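The structure appears below as structure tokens.
The values are calculated or read from the model by the stated rules, or taken from the named source; none is laboratory data. Fair warning: this is a prediction, and the values are worked out from it, not measured in the lab. FYI the Cβ positions are ideal-geometry reconstructions off the backbone, even for glycines, and counts take in every protein chain you see. All accessible areas refer to the heavy atoms of the entire protein, side chains included, with ligands and DNA or RNA removed. Shrake-Rupley method; radii C 1.70, N 1.55, O 1.52, S 1.80 Å.
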Amino acid sequence: MAGVSAAALIAVGTSPAHASDDIPSDYSGEVLADDVVIEDVPGEEVTPEEEEEVKAPDYSGLPDGALRSATGSTALGVFTYSHGGVTIKVPSGCFLTHSVKGSGKKVSSQLAGVDCVGPAALGSRFCNARLEFHYADTAGKTYKIKRGPLRTKCYTGTFPTYKVGAHTLPKYGKACAQLFINGSRKAVQCHFITK
């Protein structure tokens, strides 16, 4: 954060959100099905218990095979981006965490969020960011994308959890959470959806 004044950081965090300011996500490098469906889904409110579960799920006490769910984290690499004329550097120490609950093609809930630890908790800012869920078939072609809202406000050391509720997938394959900043993909975390 060297070279960035406190006034600049305060100004960066106050940018208003306007629907006309939406930034499209760049899907280059992803294999899209010919009939891919992209939906804007605002997401659901996340309870404090769900917020904690995304960070450290507790599956103790459940019989084997009772839960067909998964949680995983992917480290964000170090990157820089520009927001409001300020160059922002995200250091190492931040993670995209993704949780899927359900069985087979039935998803009861899906959550994703970003948290940072250590010095990154103070030095990371996420502006013009969006979380999305991408669903691909067994051939690796993305057939559905659920886009969360674009967050133009800046968040330090964390990014709000994005949750979608129950739905049934038409195909087996994988479900991925993806983090976009200024329309550029910064992290992906996937779970396979199998019988």
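Distance between the modelled labels on residue 78 and residue 158, one decimal in nanometres: 2.6 nm (7 Å Cα→Cβ projection). Using the Cβ of residue 185 as centre and a radius below 12 Å, the other residues enclosed give a net charge of -1, where K and R count +1 and D and E count -1.
Within 9 Å, Cβ to Cβ, of residue 39, how many net charges do the neighbouring residues add up to if Lys/Arg are +1 and Asp/Glu are -1? Intermediate values should be presented prior to the final figure.
On the way: positive: 144, 146, 147; negative: 40.
Net local charge, residue 39 excluded: +2.
What number comes out for the charge environment of residue 156, summing +1 per Lys or Arg and -1 per Asp or Glu over other residues with Cβ under 14 Å away? Every neighbour counted, the sum reads +3. Placing a label point 7 Å from the Cα of residue 23 along the Cα-to-Cβ direction, the residues of the stretch 91-135 whose backbone N falls under 14 Å from that point are 125-132.
Applying the Karplus relation 6.51 cos²θ - 1.76 cosθ + 1.60 with θ = phi - 60° to the stretch 146-159 yields 3J(HN,Hα) values of 10, 8, x, x, 6, 9, 7, 5, 8, 10, 9, x, 7, 9 Hz, where x marks Gly and Pro. Ligands, DNA and RNA left out, the 1.4 Å accessible surface of the stretch 70-195 is 54% carbon and sulfur atoms.
About the Cα centre, and with charges only on the beta carbon of Lys, Arg (+1) and Asp, Glu (-1), how big is the dipole of the stretch 57-195? Nearest 20 debye, please. Can you show the working numbers first?
Details: 19 positive and 5 negative charges, 108 e Å.
Rounded to the nearest 20 debye, it is 520 debye.
Just need the Rg to Rh number for the stretch 95-195, please, alpha carbons only, Kirkwood Rh. All intermediate terms of the calculation are to be shown ahead of the outcome.
Working: Rg = 14.1 Å, Rh = 14.0 Å.
Across the stretch 95-195, the Cα-based Rg/Rh ratio is 1.00.
Annotation: amide H-H contacts under 5 Å for residue 46 (H modelled 1.01 Å from N, sequence separation of 5 or more, or interchain): none.
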